[in-house]
């Protein structure tokens, strides 16, 4: 295996602002949210300012050195794209992307 370069966010908490789409047609704005990321890389929890545990979680993650703070003026954005393909779809790569799969 090659040497790992860069930082990873597993088992860390991000202090960040951003946007996500919890359901189709809806955008949720996150401002200075604490985003806890588990060992598997999945988001475990999101705490917003004003939540009962926000200050305690922020203090604990700061104290244990697992808080990563994004620079002011940067935002997390969801990937609004389908980034996967199934092997039988290879011949159609790049074709009819505007057509629902049910067609």
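The values are calculated or read from the model by the stated rules, or taken from the named source; none is laboratory data. Treat the numbers as computed from the prediction; the structure is a model and nothing was measured. Methodologically, a virtual Cβ is constructed for each residue, glycine included, from the backbone with ideal geometry; neighbour enumeration extends over all protein chains shown.
Flag set for residue 30, criterion: under 14 Å from the mean Cα position of the chain (by Cα), surrounded by 16 or more Cβ atoms within 10 Å (Cβ to Cβ) and either modelled with pLDDT under 95 or not in a helix (DSSP H, G or I) (or both).
Would you confirm whether any residue within region 33-48 is at pLDDT 95 or above, part of a loop (DSSP other than H, G, I, E, B) and on the phi < 0 side of the Ramachandran plot? Yes, region 33-48 contains a residue that is at pLDDT 95 or above, part of a loop (DSSP other than H, G, I, E, B) and on the phi < 0 side of the Ramachandran plot. Of all residues in region 49-64, those satisfying the criterion of being in a loop (DSSP other than H, G, I, E, B) and either touching a residue at least 24 places away in the same chain (Cβ under 8 Å) or more than 20 Å from the chain's Cα centre (by Cα) (or both) are 50, 52, 53, 64.
One line per residue, one yes/no per condition, for (1) under 13 Å from the mean Cα position of the chain (by Cα); (2) modelled with pLDDT of 90 or more; (3) loosely packed, with under 13 Cβ neighbours inside 10 Å; (4) within 30 Å of residue 96 (Cα to Cα):
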| residue | (1), (2), (3), (4) |
| --- | --- |
| 7 | no, no, yes, no |
| 12 | yes, yes, no, no |
| 15 | yes, yes, no, no |
| 82 | no, no, yes, yes |
